[in-house]
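Okay, so here's the structure we're looking at.
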Amino acid sequence: MATKLTGRVVFPNDPDYSEARTNLNLYRGKYPAAIVFCQDEMDVLNALKYARERDIPFRVRSGRHSYQNFSILNKGIVIDISEMVKVSVNTSSNTAVIDAGADLGHVYQSLWKYGRALPGGTEYSVGVAGLTLGGGIGYLSRIFGLTCDHLIGVRIVIPKGDNSAEIVEANKWKNRDLFWACCGGGGGNFGIVTQFTFQVHPIDMVSIYRVEWDFDQMEKAFDSWQNWAPFTDERLTSDIELHAKSQNLILSEGQFVGPKEELKQLIRSLLKGTRPRRIQIASLPFNKAFDHFNYPAGNEPSYFKRSGSFVYEKIPERGIQIMKKSLENAPNENASIWQQSLAGKVQAVSPTETAYFHRNALIAQEYNTTWEKGEDPKEFVEWVVALRKHMSPYTRGDYVNWPDLTIRDWPTSYYGENFDRLRKVKTRVDPMNVFNFKQSIPPFSH
Ligand SMILES: Cc1cc2nc3c(=O)[nH]c(=O)nc-3n(C[C@H](O)[C@H](O)[C@H](O)COP(=O)(O)OP(=O)(O)OC[C@H]3O[C@@H](n4cnc5c(N)ncnc54)[C@H](O)[C@@H]3O)c2cc1C
């Protein structure tokens with residue numbers, strides 16, 4: 001008997017279609033034929049079977065944050081799991097079972113009730129699914145590692161036979177190859193994750209800092225930050241955002257899992273030789289810190305182009321000058337270059353131990369522009385593309401969670417030496433290439 005769609009299904013004529021189809025990035029939005037908001041694993045299974053039986057293209061969606069909107073499509077079906085959000089915590093084993101539709105805000109708040117943390121990203125509306133499957137970088141990365149480093153196992157719906165689907169578990173004992181691929185191999189490639197089991201950490205008070213400089217301090221502030229942030233005490237993870245010149249703001253923020261007095265000492269090296277205009281340091285409970293780092297504007301749908309790259313060696317003076325020039329000629333005041341320090345525990349895992357390859361990078365770097373409805377995107381997109389190109393002599397590889405269709409050598413760029421192994425997993429799990437989109441991992445037969 002033909003499978004039926006179950007769950008909350010939204011069609012184009014429904015009043016909530018517009019909200020249901022809209023992702024965070026409004027640039028190149030899409031118009032699916034149906035969006036299935038799955039309520040449980042059976043709905044996910046049915047949705048995949050339904051699409052396969054009728055040969056309908058589909059995409060998988062959780063937090064809607066894909067930069068390139070890989071989680072939506074025109075005409076086909078969106079299998080959305082964002083209404084599956086249960087979180088349960090076991091404080092004696094320090095583990096949490098988290099439904100894959102939960103967003104980070106919900107995950108952090110749920111864990112905090114038990115005084116626990118999962119190292120993840122910053123904005124609340126990012127889906128834990130896309131984040132984890134691509135790696136997961138955030139303000140606890142240097143002390144604890146990436147989100148995917150905390151993964152113990154997944155439940156995942158994968159294709160079966162010609163037209164069917166099945167729910168399997170993947171962990172260190174079962175489906176080991178698939179588990180390895182789920183630790184940084186990127187979302188949407190192998191199946192639909194319905195549940196994650198994570199290791200979590202007890203956490204209580206943390207200290208945070210915020211330092212501001214005028215734009216004329218950009219070169220000094222950036223150089224000081226890059227010489228310090230990836231090498232300082234690994235309990236401290238920090239970032240620096242170089243805003244367009246018209247904003248006159250160079251901003252560094254960070255979180256230290258330790259007392260304020262120690263943090264004060266640590267940031268002395270950052271400040272040395274620069275003229276900051278404002279310095280703030282505070283000690284606060286961890287839940288207040290993740291609230292602080294969640295910028296509400298970052299959770300609102302907007303038109304944007306973002307791209308990024310990894311920095312393996314310090315950016316020399318010539319590279320710093322390229323960034324400065326780009327910021328002086330930015331298309332509007334919202335354009336920025338953002339860097340986050342890595343190393344620490346991120347480097348404690350080898351590049352091939354998980355599918356997340358860029359273990360030895362010092363910095364993850366992003367180029368950002370946003371614009372208003374009705375504005376021509378060309379200038380904004382070109383600014384990002386040109387900056388990426390000009391910075392390429394000083395960068396190596398890209399983060400799969402910051403996908404960019406202009407990256408031609410994306411297999412090596414995202415996955416380095418792990419690409420072939422990912423193709424092997426794909427060939428075993430999804431030989432018919434049922435899960436596919438531009439920049440998805442192809443099986444060997446395709
Ligand atoms: C404002 C903003 C802030 C961000 N901050 C951070 C950060 O601090 N740290 C960081 O590392 N990254 C960050 N990112 C990048 C983020 O990790 C990626 O965009 C991530 O892919 C988002 O996942 P999602 O579930 O929200 O998005 P979606 O668009 O729903 O999905 C992203 C990809 O994962 C696939 N996918 C979604 N759900 C599933 C599932 N259940 N099973 C299998 N595949 C699935 C989709 O098909 C798609 O390919 C940020 C992005 C934005 C826009």
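The values are calculated or read from the model by the stated rules, or taken from the named source; none is laboratory data. If you're wondering where the values come from, they're calculated on a predicted model, not measured in any experiment. All Cβ positions, glycine included, derive from the backbone under ideal geometry; neighbour counts span all protein chains shown. Note: accessible area is taken over every heavy atom of the protein model, side chains too, but ligands, DNA and RNA are not part of it. Shrake-Rupley method; radii C 1.70, N 1.55, O 1.52, S 1.80 Å.
Across the chain, Cα pairs under 8 Å and at least six residues apart give a relative contact order of 15 percent. Debye sum, Cα scatterers, segment 1-92, no solvent: what log₁₀ I/I(0) at q = 0.16, 0.24 1/Å? Rounded to two decimals, the profile gives -0.63, -1.24.
How many angstrom lie between the C-alpha centres of segment 166-216 and segment 249-264? Their Cα centres are 24 Å away from one another.
Extending 7 Å from the Cα toward the beta-carbon at both residue 269 and residue 13 defines two label points whose distance is 6.5 nm. Put a dot 7 Å past the Cα of residue 204, heading toward its Cβ, do the same for residue 427, and the two dots end up 5.3 nm apart. Along segment 213-218 the Karplus relation, 6.51 cos²θ - 1.76 cosθ + 1.60 evaluated at θ = phi - 60°, assigns HN-Hα couplings of 10, 6, 4, 5, 9, 3 Hz to successive residues, with x for each Gly and Pro. Name the residues of segment 36-68 whose amide N is less than 20 Å from a point 7 angstrom out from the Cα of residue 162 along the C-beta direction? Under cut-off, by backbone N: 46-57. In summary, the aspartates and glutamates within cross-link reach of residue 86, defined as a Cα separation below 16 angstrom excluding same-chain residues under 8 places away, comprise 40, 41, 43, 99, 103. Largest to smallest in accessible area, the residues 166, 19 fall in the order 19, 166 (1.4 Å probe, all protein chains included).
Taking all protein chains together and rolling a 1.4 Å probe, residue 390 ends up with roughly 90 Å² accessible. Roughly how many debye, to the nearest 20, is the charge dipole of the chain about its Cα centre, given +1 on each Lys and Arg Cβ, -1 on each Asp and Glu Cβ, and no other charges? It comes to approximately 620 debye. Taking the inverse of the mean 1/r over every pair of distinct Cα atoms in segment 30-82 gives a Kirkwood hydrodynamic radius of 11.0 Å. Pairs over the 28 Å Cα-Cα cut-off, from the set 172/438; 245/389; 389/426: 172/438; 389/426. Computed from backbone phi with θ = phi - 60° and the Karplus coefficients 6.51, -1.76 and 1.60, the 3J(HN,Hα) list for segment 277-285 is 9, 7, 10, 10, 9, 9, 10, 7, x Hz; x is used for glycine and proline. At a probe radius of 1.4 angstrom, the accessible area of segment 205-394 per residue rounds to 43 square angstrom.
A simple spin-label model places pseudo-atoms 7 Å from Cα toward Cβ; at residue 281 and residue 40 they are separated by 5.3 nm.
Students often check this: by mean Cβ neighbours within 10 Å, which of 119-129, 417-427 ranks highest, and how do the rest follow?
Put in order of decreasing packing, that is 119-129, 417-427.
Most tightly packed first, judged by the mean number of other beta-carbon atoms within 10 Å of their residues, the peptides 56-63, 109-116 read 56-63, 109-116. Averaged over residues, the count of other Cβ atoms within 10 Å places the peptides 137-150, 275-288 in the sequence 137-150, 275-288, highest first. Evaluated at q = 0.08 Å⁻¹, the base-10 log of the normalised Debye intensity for segment 205-394, with identical point scatterers placed on the Cα atoms, takes the values -0.27.
When every Cα-Cα distance of the chain is counted in 20 angstrom steps from zero, the calculated P(r) takes the values 26, 58, 16, 0 percent.
Amide H contacts for residue 59 (H built 1.01 Å from N in the peptide plane; partners 5 or more residues away or on another chain; cut-off under 5 Å): 77, 78, 79. Projecting the Cα positions of 381, 285, 229 onto the charge dipole of segment 205-394 (unit charges on Cβ atoms of Lys, Arg, Asp and Glu, taken about the Cα centre) puts 229 furthest along the positive direction. Within the chain, 38, 182 have no other Cys Cβ under 4.7 Å of their Cβ and so lack a disulfide-compatible partner by this rule.
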